[in-house]
Amino acid sequence: MSDRERSGPEYADVTLAVIAGGKGERLGGVAKGLLELEGRTVLERVLELGRLCGDVLLGTNEPGPYERFHLRTVGDVVRGRGAPGGVHAALVGARTEWVLAVACDMPFVSEAAVRVLLDARSPEVDAVCFTVGGRVEPLLALYRRTLSDEWGEALKKEEPSLRALLSRCRTKHLPEEALRAVDAELRAVVSVNTPEDLARHGVSRPPSPPGPPANTPPNLPSPPGRGTG
């Protein structure tokens, strides 16, 4: 047993929350966490970050496609709020002080990028995120669990974006240069949402489940009074 295994996870006060909301409509309705890159699903790649953390959960309202991963799942507490609702559900379901939220369609999130976020925490902040190209990146970000009550009330009354919610709390915005220092091409914040994204980043749809052989008629009940032999 290694020293790390004996001492427990490096960031025991952090839950990795994979946010698997969205129906992947622009990709034909595929569960985006099951998209594949280099022979592995994007979800498997993101879950590698879980070894750093004290807990792991999956935020989804449709856990069926992900059952084989045997993850603890949480559904939206406030329905119909998209990604903000997914992150809020993760905050409610977390058992640790901090939540590392990562979208399930971000295949290139690296441990190095995550460590930049984790090491930027302090008692004076409630959230930590990167700003890339002048835009906040809320689905590769850290959130303090205690935000759940305030955000839950806001989601019940209106439909704020994650960026709007972040603007209401003590957020530490890390500049683009902080990410470039460990990820020169900013691949960690790449998300895959369209067929063009699949082609651009070498990501593929999951294989379709096998169907009945071609030209095979469906099994129909025998007409009354006729046996099967």
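The values are calculated or read from the model by the stated rules, or taken from the named source; none is laboratory data. Worth saying up front: this structure is predicted, and the values here are computed from it rather than measured. Positions of Cβ are backbone-derived with ideal geometry, glycine not excepted, and every protein chain shown enters the neighbour counts.
Some points to look at:
- One residue from 121, 145, 170 being in contact with a helix residue (DSSP H, G or I) (Cβ under 6 Å, 6 or more places away or on another chain) and closer than 15 Å to residue 98 by Cα: 145
- Taking the listed residues 121, 68, 72, 45, the one that is farther than 27 Å from residue 157 by Cα and in contact with a Pro (Cβ under 7 Å, 6 or more places away or on another chain) is 45, with no other qualifying.
- Those residues of region 200-214 which are modelled with pLDDT of 85 or more and either surrounded by fewer than 10 Cβ atoms within 10 Å (Cβ to Cβ) or among the aliphatic types (A, V, I, L, M) (or both), in sequence order: 203
- Qualifying positions in region 12-42 - charged (D, E, K, R), surrounded by fewer than 17 Cβ atoms within 10 Å (Cβ to Cβ) and either in contact with a Lys or Arg (Cβ under 6 Å, 6 or more places away or on another chain) or not in a strand (DSSP E or B) (or both): 23, 25, 26, 38
- Pairing residues of region 51-76 that are closer than 18 Å to residue 11 by Cβ with residues that are modelled with pLDDT of 95 or more and in a helix (DSSP H, G or I), at Cβ distances under 6 Å and at least 6 apart in sequence or on separate chains, gives 56/50; 57/93.
- Set 159, 124, 111, 137: member being without any contact (Cβ under 8 Å) to a residue 60 or more places away in the chain and loosely packed, with under 15 Cβ neighbours inside 10 Å: 124
- The set of residues from region 43-101 being in a strand (DSSP E or B) and of a type in the set (Ser, Thr, Tyr) comprises just one member, 73.
- Members of region 102-112 that are out of contact with any Lys or Arg (no Cβ under 7 Å at 6 or more places or on another chain) and in a loop (DSSP other than H, G, I, E, B): 106, 109, 110
- Some residue of region 79-87 being surrounded by 22 or more Cβ atoms within 10 Å (Cβ to Cβ) and β-branched (Val, Ile, Thr): yes
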